[in-house]
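Below is one structure, written out as structure tokens, with a few remarks after it.
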């Protein structure tokens, strides 16, 4: 046992003696003068452990400062210092109306692209085929109607009228040229008027012929023919199903819509600050309504899985421990609770403080518990050796013969007398020891507080 541990035990005993004396006095009043100054204990089975104890503070492996990557106004603060959170929990939220609308629109566009591909791959209905066939017949009828709107006979008759008008114009001009002088002026005016009338008739005939040969008719025929081809292609497409090119285009549209959804989702998620891991919120530097600057620390967190404890073990006790040993941790802030832990690491090099050599020993709590928080003072008891379901006696009832290395206890006989009995000890713990032989369960052992040589340390 180290000097430090012995000092702790002595201090505990000094403070416990008044209570012990009070218990003895109460017991004496009940049992009479023959049991004055006696303290009794019934031997039972239990556990004995040899431990190395040390003190430290709870700490975490990871501590982070969280911030937003873009500006905004805080609309919600969901945590406060001391809260335990899980990975992915939202801590602070910025205004996100525009981002949310953009995300919903992107989702609708993706759904539309998926429905369009689904419709593309579905087989045609009977009514769709009949409608496509009717479109082909209608386009063909329109083409025939335009084609038969002017017959060849009508065009030849118009050409003949045009030639006749040209001939009449030439005759009128020849008559005017051949007219000799000597006619009245009125005669020449009549000839000129006949030339004008013939020229007018030529123009009328030409316009009528051009109207029959109107290029618009050819354009209408071309459009009608194109409509026939389009209607036929649509009918063939319905019967044959979508082409691979159409399917590929539909897939491209879906992928593009999916990318837009992902981008909108990222933009929306950037408006919420989430926990990167399960841990403890240690600092909150923001409140609702505040304006956020990118990179400004908003939340500070520490990792709570697992929490660790680093203690200093003196050079005498460090020889008894090794990595992997179980331990129990008690927190000053949570008296009466013990948290299971395990020894993770022993420093290779010691530190010298006022001539006392100690080594850093790191332990990890095995079970996360929100009641255990970073910074709490803790005492670790490293279990060097433990035996369970054995006869156990508190060390205060044992008297050791240092020279003979034997142990004795006072046993209360049925007649009320005391008899000193030698016992064989097994594992010796800090507060109690294992009894290998010399006692049985339910034996009553006694400390005579008034006897000379009584020593609560078992000396």
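General remarks:
- None of 386, 420 is surrounded by 13 or more Cβ atoms within 10 Å (Cβ to Cβ) and part of a strand (DSSP E or B) except 386.
- Scanning the range 311-323 for residues that are in a loop (DSSP other than H, G, I, E, B) and touching a residue at least 24 places away in the same chain (Cβ under 8 Å) gives 315, 316, 321, 322.
- Check on residue 348, assigned by TED's automatic domain parsing to the domain that holds residue 311, modelled with pLDDT of 90 or more and assigned to a loop (DSSP other than H, G, I, E, B): yes
- Evaluation of residue 124 against the conditions (1) touching a helix residue (DSSP H, G or I) at 6+ places or on another chain (Cβ under 9 Å); (2) assigned to a helix (DSSP H, G or I) shows that the sole unmet condition is (2).
- For the range 404-411, the count of residues that are touching a strand residue (DSSP E or B) at 6+ places or on another chain (Cβ under 9 Å) and either loosely packed, with under 15 Cβ neighbours inside 10 Å or in a loop (DSSP other than H, G, I, E, B) (or both) is nonzero.
- Among the residues of the range 311-325, the ones that are more than 22 Å from residue 355 (Cα to Cα) and over 43 Å from the mean Cα position of the chain (by Cα) come to 0 in all.
- Among residues of the range 171-189 being surrounded by fewer than 12 Cβ atoms within 10 Å (Cβ to Cβ) and assigned to a helix (DSSP H, G or I), the one that is modelled with the highest pLDDT is 174.
- Against the test of being in contact with a strand residue (DSSP E or B) (Cβ under 7 Å, 6 or more places away or on another chain) and over 30 Å from residue 304 (Cβ atoms), the options 130, 73, 156 yield a single qualifying residue, 73.
- Among residues of the range 81-95, those that are assigned to a strand (DSSP E or B) and either exposed (fewer than 15 other Cβ atoms within 10 Å of the Cβ) or modelled with pLDDT of 95 or more (or both), counted: 5
- Residue 375, sole failed condition from (1) at negative phi; (2) part of a loop (DSSP other than H, G, I, E, B): (1)
- Criterion (modelled with pLDDT of 85 or more and within 20 Å of residue 140 (Cβ to Cβ)) met by exactly one of 229, 250, 245: 229
- Matching residues in the range 351-372 - criterion: being part of a strand (DSSP E or B), free of Cβ contacts under 8 Å to residues at least 40 places away in the same chain and surrounded by 13 or more Cβ atoms within 10 Å (Cβ to Cβ): none
- The residue of the range 51-63 that is farthest from residue 284 (Cα to Cα), among those that are modelled with pLDDT of 90 or more and surrounded by fewer than 18 Cβ atoms within 10 Å (Cβ to Cβ), is 55.
- Within this structure, residue 333 fails the test of being on the phi < 0 side of the Ramachandran plot, surrounded by 13 or more Cβ atoms within 10 Å (Cβ to Cβ) and modelled with pLDDT of 95 or more.
- Criterion: in the same structural domain as residue 310 (by TED's automatic domain parsing) and surrounded by 12 or more Cβ atoms within 10 Å (Cβ to Cβ) - qualifying residue of 78, 40, 120, 110: 40
The values are calculated or read from the model by the stated rules, or taken from the named source; none is laboratory data. Quick caveat: nothing in here was measured; it's all calculated off a predicted structure. Don't worry about glycine lacking a Cβ; one is built from the backbone with ideal geometry, like all the others, and counts go over all protein chains shown.
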